[in-house]
1. Have a look at SER160, SER149 and point out the one that is within 11 Å of the ligand (Cβ to nearest atom), without any contact (Cβ under 8 Å) to a residue 24 or more places away in the chain and over 18 Å from LEU38 (Cβ atoms).
2. So VAL60 fits all but one of (1) open to solvent by less than 30 Å² (accessible area, probe 1.4 Å); (2) more than 19 Å from the chain's Cα centre (by Cα); (3) closer than 30 Å to LEU256 by Cα; what number is the exception?
3. Scan the range 196-213 residue by residue and report those that are closer than 15 Å to ILE98 by Cβ and surrounded by fewer than 16 Cβ atoms within 10 Å (Cβ to Cβ).
4. Test MET116 against the stated conditions and say whether it is closer than 25 Å to LEU74 by Cβ, open to solvent by 30 Å² or more (accessible area, probe 1.4 Å), within 12 Å of the ligand (Cβ to nearest atom) and aliphatic (A, V, I, L, M).
5. Go through (1) open to solvent by less than 60 Å² (accessible area, probe 1.4 Å); (2) in contact with a strand residue (DSSP E or B) (Cβ under 8 Å, 6 or more places away or on another chain); (3) under 22 Å from VAL110 (Cα atoms); (4) not aromatic (Phe, Trp, Tyr) and name the single condition MET259 misses.
6. Anything in the range 138-154 that is open to solvent by less than 20 Å² (accessible area, probe 1.4 Å) and assigned to a helix (DSSP H, G or I)? List them, or say none.
Amino acid sequence: MSRPEMTHRHHILITGASSGIGAALAEYYARPGVHLTLWGRSEERLEKTASTARTKGASVDVLSIDLTKADNALKALTRTDESLPVDILILSAGMADIRPHKALAESAEVALKMSMVNFATPVAMATEMANRMAARRHGRIALMGSVASFHDLPLATVYSGSKAGLGRFSTALQAAMTPYNVRVCLIAPGFIDTPMSQRLDGEQAFLVPVDKAARKIARSINQGRGVLVFPWVFQLTRLLEMALPRPIAHRILRKLDVMQHPESEMGGN
Ligand SMILES: NC(=O)c1ccc[n+]([C@@H]2O[C@H](COP(=O)([O-])OP(=O)(O)OC[C@H]3O[C@@H](n4cnc5c(N)ncnc54)[C@H](OP(=O)(O)O)[C@@H]3O)[C@@H](O)[C@H]2O)c1
C-alpha cells in the first residue's frame, strides 16, 4: 500500500507496543509528523496505545502478530518498510519466565518460545532492517536487553541467556553498522514498573516508573548511544559478579528465590 502523503513523516516501528515499555515509548514519540507502526499480540491493548497516540497527533497503524513466527514477522517488516521507510525500529517485545516453583529449570517448551521472542525474531528483524537502513545511510535500531543478561541466574536461565545473546548481537551489529550511519542501541534496564515486573513476587530493587524509563530510552536512541544500562547501580552488580570466583557467585545466585504469577492471573494493563 503506498502512502505518498506520508513520505516525509518520521516512521517509528515499535514491537511490544501493547504493553509496558513499548506502549510508553509509543506515547512518548507520538506527535504530529510522526507515523507509528505498533506491533503486539493483544488487539484491544494495541488499540488503546494507538488511540492515545492519535490524540497526540500521530498517525498510527497497528498489527497483531505473534513473534514466535519469525517468517511472518519478516514478511510484515518488509511490507511495512516498503510502504513507508522505517526511521527507527524499536524491538521492545519480550517475555520473561522463571522456572516453576520447585522445578530445576524451565521447560523445553518455554525455552523454545522465549528464544524465539527474545532472541531469534528480534535478531532476524534487526538484521533485515540494518541492511535496508545501511543502503539508505540512515536509521536507528534499539534492542531491549536486560541487566539479567549480566548474571548467571539459575531461576531464569533462558531469560538471562536470551538477553545475553541479544546484547552481544546488538553491540556486534553496532560495530558493523556505524560506518553506514545506522545507529544500533542496546537498552539494558533493571526493574521497570510494567505488567512484566508486576508478575514477580518480592521486592524489586530500584524500580523505575515506566514513563521515566521511556524518556531515558528515547533520549538514548535519539543521541545514537550504543549501550544504555539503568539504573546505574546494576553496573556495580555486574562488576561484582565478574570479580567473584564463579563457584562463589553461583552459590550466592542459587539463593535467589522469586515467584512469578502466571500471565492469566494478572489480566492486561
Ligand atoms: N519490566 C522490566 O522490569 C524489564 C526489565 C528489563 C528488561 N525488560 C524488557 O523490556 C521489554 C518490554 O517489557 P515490558 O516490561 O514492557 O513487558 P510487558 O509489559 O509484559 O510487555 C511485553 C510486550 O511484549 C509483547 N509480546 C510478548 N510475547 C509476544 C509474542 N509472542 N509475540 C508478540 N509480542 C509479544 C507483549 O504483547 P501482548 O501483551 O500483546 O501479548 C507486550 O506488548 C522486554 O523485552 C523485557 O524483557 C523489562
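The values are calculated or read from the model by the stated rules, or taken from the named source; none is laboratory data. These figures come from a predicted structure and were not determined experimentally. We place every Cβ from the backbone using ideal geometry, glycine too, and count neighbours over all the protein chains shown. The protein model used for the area step is the full one, side chains on, heavy atoms only, and it has no ligands, DNA or RNA in it. Shrake-Rupley method; radii C 1.70, N 1.55, O 1.52, S 1.80 Å.
1. Just one listed residue meets the conditions, SER160.
2. All conditions pass for VAL60, except number (3).
3. Across the range 196-213, the qualifying residues are GLN198, LEU200, ASP201, GLY202, GLN204.
4. Taking the combined requirement at face value, the residue satisfies it.
5. (1)
6. VAL147, ALA148
Results for (1) without any contact (Cβ under 8 Å) to a residue 60 or more places away in the chain; (2) over 19 Å from the mean Cα position of the chain (by Cα); (3) over 24 Å from PRO209 (Cβ atoms); (4) surrounded by 21 or more Cβ atoms within 10 Å (Cβ to Cβ), shown as yes or no for each residue.
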site	(1), (2), (3), (4)
ALA26	yes, no, no, yes
PRO32	yes, yes, yes, no
THR37	yes, no, yes, yes
THR49	yes, no, no, yes
LYS56	yes, yes, no, no
